Amino acid sequence: MFAKMDSGIFAGRASLAAMAILFSTHPGIALAADAIAVNSDDLTLPPPEPSRFARFEQKLSDWHVVLGGGAIIVPKYEGSDEFKVMPVPFVTATFRDVVTIDPRGADIAIYEQDRFEFSARLGYEMGRDEDDADRLRGLGDIGMGGTVGAKATVNFGPAEIFAQVDKTIGGSDGLVGEVGIEVNHPLSQSLMVGARASAVFADENHMQAYFGVTPEQSARSGLARYDAGAGLKRADFSVSATYMLNQNWMVRGEAGVGVLVGDAADSPIVAEKIQPSGMLLVGYRF
């Protein structure tokens, strides 16, 4: 999320998530989550022409909507040494900085006091298909599940320290938490650069579902049996740049790398511990 700015095109606040577009639990999606944060609360726009739809138009003025698309490159699955490039269509809508709806689900602001913010989260986990890569053959599919969670943030000027947790209902039935820091700094009224670092933790259900190999899976896949326990799963780092072409159009590029650690890194499912990713997006703000 962009830091609040006193002037220029980056004013106010609204959140945009490019997607859980890959429809998987791959953390490279963290690149696409919060991909563009565009701010329009303080923009001075001319009043609409009076019409029979004036009341409806007033309702719409409370929303901030961004549409766009682009491309993202990520490993085929978490731990893969092969990559896939995918198109990224996205749409996001924010209502009065309270409710944000995007392809990942919805965030609902519950409490805000000075620098502290707390929100509830609703979303989904798409699971994993054994056809995603040859190394996954015989492991079976991980089903889709809904997620419920919460996020707390503390803002210090351009920096934001955050902690969030999400529980999956169905699918892996896992619990995933993340703590980290994000910094965004304007170099001009049109250019914003940012950096993000975080650590991801997961419970035994999540780790066993995505990194464990049961005796049955071992017999089918040829991989060694493996029990993955709860703990630190990976560390993620990314840098980004967002350029506002004008009041409405923007371009964003982002590059990141994740490093699998602990039981996740030692899993026979993992072919590569270092997980790079990148994306390029173009968006239009209404």
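The values are calculated or read from the model by the stated rules, or taken from the named source; none is laboratory data. Remember, predicted model here, so these are calculated numbers, not experimental data. Don't worry about glycine lacking a Cβ; one is built from the backbone with ideal geometry, like all the others, and counts go over all protein chains shown. The accessibility values were calculated without ligands, DNA or RNA, using every heavy atom of the protein model including side chains. Shrake-Rupley method; radii C 1.70, N 1.55, O 1.52, S 1.80 Å.
Using only alpha carbon positions, build the gyration tensor of region 197-242, then give the equivalent ellipsoid semi-axes as the square roots of 5 times its eigenvalues, largest first, whole angstrom.
Three semi-axes, in Å: 30, 13, 7.
Given contacts defined as C-alpha pairs under 8 Å and at least six residues apart, what's the relative contact order of region 131-240, whole-number percent?
23 percent
Can you pull the Rg over Rh of region 112-186, Cα-only, Kirkwood?
Taking Rh as the inverse mean 1/r over Cα pairs, Rg/Rh reads 1.16.
Of all the accessible heavy-atom surface of region 209-286, with the other protein chains kept in place and a 1.4 Å probe, what percent is carbon and sulfur?
61 percent
Work the Kirkwood hydrodynamic radius out for region 170-247: mean of 1/r over every pair of different alpha-carbon atoms, inverted, in Å.
Kirkwood hydrodynamic radius for region 170-247: 15.5 Å.
Using only alpha carbon pairs under 8 Å that are at least six residues apart, calculate the relative contact order of region 62-140 and give it in whole percent.
Relative contact order, region 62-140: 21 percent.
Kirkwood hydrodynamic radius (Cα pairs, Å) of region 215-286?
15.3 Å
With +1 on each Lys and Arg Cβ and -1 on each Asp and Glu Cβ, how big is the dipole of region 97-220 about its Cα centre, in debye rounded to the nearest 20?
Charge dipole of region 97-220: 180 debye, to the nearest 20.
Please work out the average accessible area per residue across region 151-190, using the 1.4 Å probe convention, and give it in Å².
On the way: 1820 Å² over 40 residues.
I get 46 Å² per residue for this part.
Taking only the Cα atoms of region 61-198, how large is their convex hull per residue, in Å³?
Here the figure is 148 Å³ per residue.
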